[in-house]
Amino acid sequence: MLVHRDLDHLPAFQRAVLTIGTFDGVHCGHRQVIRQLRETAAACNGESVIITFEPHPREVLFPGNNDLHLLNTLDEKIRLLEQQGVDHLVIVPFTNAFSSQPAAAYIEDFLVRRFCPYRIIIGYDHHFGHQRQGNIGLLREVEARYGFRVVEIPPQVVHHLTVSSTKIREHLEAGHVALANELLGYDYFLSGTVVHGDRRGRELGYPTANIRPADKRKLIPGSGIYAVRARLDPAGGDGSALPEASSWLPAVMSIGYRPTFNGTDLRVEVHIFDFSADIYDRMLTVSLCDFIRPELKFENAEALVRQIEQDAQTAREMLIR
Ligand SMILES: Cc1cc2nc3c(=O)[nH]c(=O)nc-3n(C[C@H](O)[C@H](O)[C@H](O)COP(=O)(O)O)c2cc1C
Ligand SMILES: Nc1ncnc2c1ncn2[C@@H]1O[C@H](COP(=O)(O)OP(=O)(O)O)[C@@H](O)[C@H]1O
């Protein structure tokens with residue numbers, strides 16, 4: 001997959017088969033769109049092109065809003081899209097000026113002039129241009145004028161739920177990891193550097209690698225205890241590596257404030273089973289398998305340790321299922 005970031009130096013695409021979107025999560029619904037993109041490109045001997053935006057449009061349109069948390073960093077998204085076998089990814093700098101183009105100008109000046117599309121494949125609910133005025137109907141009206149054809153992708157449904165990035169974010173924030181994973185089509189993962197904590201873990205008999213996420217916009221699932229797999233990225237890695245089954249270590253993760261010790265800051269910490277090494281400053285990727293229980297305040301450290309023993313056992317069982 002070729003990644004293009006400069007709109008003024010795009011190649012001359014051959015029968016470009018386009019799709020457009022933010023693709024946060026590259027979830028099951030997105031994959032369906034991408035499969036159609038690849039198949040259409042193959043059938044007409046064209047090139048598959050994904051157009052995406054960075055930063056996320058909501059960050060530009062609602063700059064004061066700090067609530068936006070994303071399923072993927074840009075690096076993760078690039079790698080996930082690459083795994084889908086796409087020919088070109090175009091990352092368009094999303095600005096206020098870009099967002100305020102009228103829909104008709106967006107089609108003519110942006111889509112047609114820069115990409116000369118042969119087919120445009122889009123999800124049923126895609127909107128574009130100033131105040132989201134453009135939609136699939138408008139694209140259809142101008143098909144003949146510009147010589148492209150529009151292909152609409154219906155909503156993807158899993159367990160009677162329409163798959164959407166928003167729903168997946170909500171499930172993760174509520175700790176519903178298994179459901180989120182099903183909608184994603186892979187296990188949700190996050191990466192970060194191992195930083196120092198309070199050095200209490202080793203005294204409790206459960207040392208935990210405290211992870212500082214690589215990107216502060218990355219969504220941290222709701223507080224609670226999770227069964228996870230952890231992978232140490234090669235020393236000097238950039239943290240954007242994606243899961244590869246071979247080197248995943250079974251582990252248990254706690255996300256929360258440690259009420260037992262009156263903690264005040266959110267910590268993401270992982271105890272890796274049957275493992276002992278100094279991994280401070282290393283990049284660790286954690287892939288979430290299932291939710292075990294909410295975080296609780298215990299009477300004392302001994303009661304917490306007894307619970308952690310049970311959590312570890314539960315996690316091991318969940319991970320071999
Ligand atoms: C499996 C697991 C479950 C945990 N559950 C709780 C909990 O319910 N309540 C809590 O206050 N802390 C919980 N913790 C966090 C511990 O308090 C924390 O790991 C300990 O304070 C060590 O912190 P440190 O890494 O800063 O030394 C849990 C940790 C693990 C690994
Ligand atoms: N099984 C393990 N799982 C996670 N980290 C481990 C493990 N064994 C050793 N470590 C190391 O110990 C550190 C955690 O020990 P801990 O006492 O919890 O200290 P801290 O409070 O600084 O996290 C980790 O960052 C890692 O370097």
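The values are calculated or read from the model by the stated rules, or taken from the named source; none is laboratory data. This one's a predicted model, so the numbers in the text were calculated from it and none came from an experiment. Here Cβ is always computed from backbone atoms with ideal geometry, including for glycine, and neighbour counts include all displayed protein chains. Quick note on the areas: whole protein, heavy atoms, side chains included, nothing else; ligands and nucleic acids left out. Shrake-Rupley method; radii C 1.70, N 1.55, O 1.52, S 1.80 Å.
When the residues of the stretch 265-317 are filtered to those that are more than 12 Å from ligand 1 (Cβ to nearest atom) and more than 27 Å from the chain's Cα centre (by Cα), which remaining residue is most open to solvent (accessible area, probe 1.4 Å)?
Among them, the one singled out is D274.
Name the helices (runs of 4 or more DSSP H) wholly inside the stretch 88-191 in which the number of residues that are surrounded by fewer than 15 Cβ atoms within 10 Å (Cβ to Cβ) is 2 or more. Please lay out each step first, then the result.
Working: elements: 96-99, 136-141, 143-146, 165-173, 177-184.
The helices (runs of 4 or more DSSP H) meeting that bar are 96-99, 136-141, 143-146, 165-173.
Suppose we filter the stretch 242-295 for residues that are in contact with a Phe, Trp or Tyr (Cβ under 9 Å, 6 or more places away or on another chain), away from ligand 2 (no atom under 11 Å from the Cβ) and free of Cβ contacts under 8 Å to residues at least 40 places away in the same chain; how many remain?
Residues that pass the stated criteria total 4.
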